[in-house]
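Read through the structure below, which is laid out as structure tokens, and then see the notes.
The values are calculated or read from the model by the stated rules, or taken from the named source; none is laboratory data. Remember, predicted model here, so these are calculated numbers, not experimental data. Glycine also receives a Cβ, built like all others from the backbone with ideal geometry; neighbour counts cover every protein chain displayed.
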Amino acid sequence: MSPHTNPVSIRTRSHGHRSAREKFVLVIAAISTGFVFVCFASLLVFLGLEWWQHRHVTALSPSLAPAIVGTVMVTFVATLIVMPLGVVAAIYLSEFADRKAITVRALRVLIRNMAAMPPIVYGAFGLGFFVRFVGQVYDDVARTHTAILGRPNLLWAGCTFALLAMPVVIVTTEDALRKVPNSLREASLALGASPVYATIRVILPPARTGIFRAAVLAISQVTGEVTPLLVTGAIFSTNEPRVGLTEPFSHLGYTAFVLAERAESASGSNQLYSALIALLVVTLALNIVAIVLRHVHTDDSSG
């Protein structure tokens, strides 16, 4: 820098350049956000227009009520299974397991790889293990005249979906627990609290929002997935909703999959777009319920 150069002008010019770069980044971010919004809005408008165009066509198949009930039921069963198991596994890996142990590191790598595994692999595992092994063994031991658990049904589909969402729940819960300050752990242990008591009473409350976020992700993944249903219990439609755990069930995703093959006709198109719209509405409704519960529990804990 020459002796006649003003340092203030240099800082002003560099600040001006930074502002220009920041404005450029903000413009790119706004354009990307608008593009995503336009894509989602176009999807909803397209589905709505297609359904409106074929709304007067009478459908020959039953209504979508059985599929809606089946979707909610299998999502409820899967969430009821995956949340306790996934949260407990995440707590153990984060708070009690030796992070430097080779087995723990290998287990973490396995869990993260399972999150990227194709859903059809989970479906094949559910068919082979739950249906043909566990179910068949139960039917043989109970000596049932007809297959009860040794056939695809709602229970095995929920267990398969629970395995599918398990990696997401574990990873998300671990991230939430990792964000809790270590000072809380050290303070609770210094005051004489046991590790289990400190985890339940001190560590989990601040991580509750992240745990509910894991539940929202699990519900979204379970509701919209179709592939495991092909072999674990879904049927196209029923005359009335089936809610028994040992019975096959109807699902909106599987119904849309089957109706896609009949989309050439007007009635098939009407049913297809109706099923897709219903699937979006059910997924949104389940997510809203999970988000509301998260806010309610967060307010109760903070209050």
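Things worth noting here:
This table checks each residue for (1) more than 21 Å from Asp175 (Cβ to Cβ); (2) in contact (Cβ under 8 Å) with a residue 60 or more places away in the chain; (3) of a type in the set (S, T, N, Q).
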| position | (1), (2), (3) |
| --- | --- |
| Met73 | yes, yes, no |
| Pro84 | no, no, no |
| Leu93 | no, yes, no |
| Asp98 | no, no, no |
| Ile102 | yes, no, no |
| Ala106 | no, no, no |
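- Considering Val131, Val196, Val171, the condition of being surrounded by 13 or more Cβ atoms within 10 Å (Cβ to Cβ), of a type in the set (A, V, I, L, M) and in contact with a Phe, Trp or Tyr (Cβ under 9 Å, 6 or more places away or on another chain) is satisfied by Val131 alone.
- Test result for Asp175, assigned to a helix (DSSP H, G or I), farther than 30 Å from Val292 by Cβ and either modelled with pLDDT of 90 or more or charged (D, E, K, R) (or both): no
- Of residues in the stretch 1-46 being modelled with pLDDT of 55 or more and of a type in the set (Gly, Ala, Ser), the one nearest to Leu284 (Cα to Cα): Ala41
- Residue in the stretch 124-132 that is in a helix (DSSP H, G or I), assigned by TED's automatic domain parsing to the domain that holds Leu229 and under 23 Å from Ile211 (Cβ atoms) present: no
- Restricted to the stretch 133-166, and to residues there that are assigned to a helix (DSSP H, G or I) and of a type in the set (Ser, Thr, Tyr), the residue that is nearest to Leu217 (Cα to Cα) is Thr160.
- Residue within the stretch 47-56 that is acidic (Asp, Glu), modelled with pLDDT under 90, under 30 Å from the mean Cα position of the chain (by Cα) and outside any loop (DSSP other than H, G, I, E, B) present: yes
- Any hit, the stretch 255-264, residues being modelled with pLDDT of 80 or more and either in contact with an Asp or Glu (Cβ under 7 Å, 6 or more places away or on another chain) or of a type in the set (Ser, Thr, Tyr) (or both): yes
- Test: Glu95 is assigned to a helix (DSSP H, G or I), at pLDDT below 90, among the acidic types (Asp, Glu) and farther than 26 Å from Thr227 by Cβ: yes
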